[in-house]
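Here's the structure, in structure tokens; my notes come after.
The values are calculated or read from the model by the stated rules, or taken from the named source; none is laboratory data. Computed from a prediction, not measured in an experiment: that's the story for all the values here. Cβ atoms come from the backbone with ideal geometry, glycine included; neighbour counts cover every protein chain shown. Keep in mind that these areas ignore ligands, DNA and RNA; they rest on the heavy atoms of the full protein, side chains included. Shrake-Rupley method; radii C 1.70, N 1.55, O 1.52, S 1.80 Å.
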Amino acid sequence: MVSPYERYVLPWLFEHACGVGPIQQKRAGLVPRAQGRVLEIGIGTGHNMAFYDADRVTEVIAVDPAEQMHDKARARAAAAGIDVRVLGLSAESIPLEDGEIDTVVTTFTLCSIPDPAAALAEMRRVLRPGGELLFCEHGLAPTDRVRKWQRRLNPVQRRIAGGCQFDRDVPSLVRGSFEVTTLEEGYFPGPKFASYLYTGTAG
């Protein structure tokens, strides 16, 4: 059962925290690469919808267990002219056939999936040979001082932000199932414990 906090406060937090200018700029540089049949992991309130190229994308299938956010995501997809199907599921078990997806998109999602390695293995399974994973995720910072703060704050972060963790080692997780083809990393504006980004592609 969804608590009042999860129903009303979490969507507001995600809507504002994940829609700030620097994050939107990262989305704008990555999401337009998507083509064909797209699987989006963790659609949230649909911040990526405005950045898909409707001429390149035939369909977006999205998985996200937070069903209280789906209506907002669908509205954004409709405004962008994107055909989207949203499933209220976590990504560790994706109800699609092997190799039926052309592009997988995951942005600011691996931090909160309970078993990200299992989810990435599923993404690999449903992605066709030659398909592409596009990812932009916050995660483990490069310095010990910031990492200590990430680990210190994780218990509070998980409680207030839907299971989000600050210190996921994104490149290592992705490389467990994919070959990384491009990778950019660095801080974006904000507290360092929450703002180290990994952006890239893999296949």
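What the table below lists for this structure:
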read-out	value
Cβ-based net charge around R56, under 13 Å, with every Lys or Arg adding one and every Asp or Glu removing one	-4
For the range 19-123, with +1 on Lys and Arg beta carbons and -1 on Asp and Glu, the positive-most of G42, A73, V104 along the dipole	A73
Relative contact order %, the chain, counting alpha carbon pairs below 8 Å whose residues are six or more apart	18 percent
Global geometry of the range 1-48, whether rounded, prolate or oblate, following the gyration tensor of its Cα atoms and the 1.5 cut on a/c	oblate
Contour excess over end-to-end distance, with Cα ends at A79 and R151 and 0.36 nm allotted per residue	22.0 nm
Of all accessible heavy-atom area on the chain, the percent that carbon and sulfur account for (1.4 Å)	53 percent
Rounded, prolate or oblate (a/c below 1.5 giving rounded, otherwise prolate when a/b exceeds b/c) for the range 87-172 by Cα gyration tensor	prolate
Solvent-accessible area per residue for the range 63-203 (1.4 angstrom probe, square angstrom)	46 Å²
Charge dipole magnitude, Cβ of K and R +1, D and E -1 - the range 91-148, Cα centre, debye nearest 20	440 debye
Computed helical MRE - 222 nm, the chain, DSSP H runs ≥ 4 contributing -39500 (n - 2.57), nearest 500	-9500 deg cm²/dmol
Inter-label distance for V2 and L96, nm, one decimal - labels placed 7 Å from Cα along Cα-to-Cβ	2.3 nm
About the Cα centre, charge dipole magnitude for the chain (Lys/Arg +1, Asp/Glu -1 at Cβ), debye	840 debye
Among F166, I82, A62 - extreme Cα towards positive end, dipole of the chain, charges at beta-carbon	F166
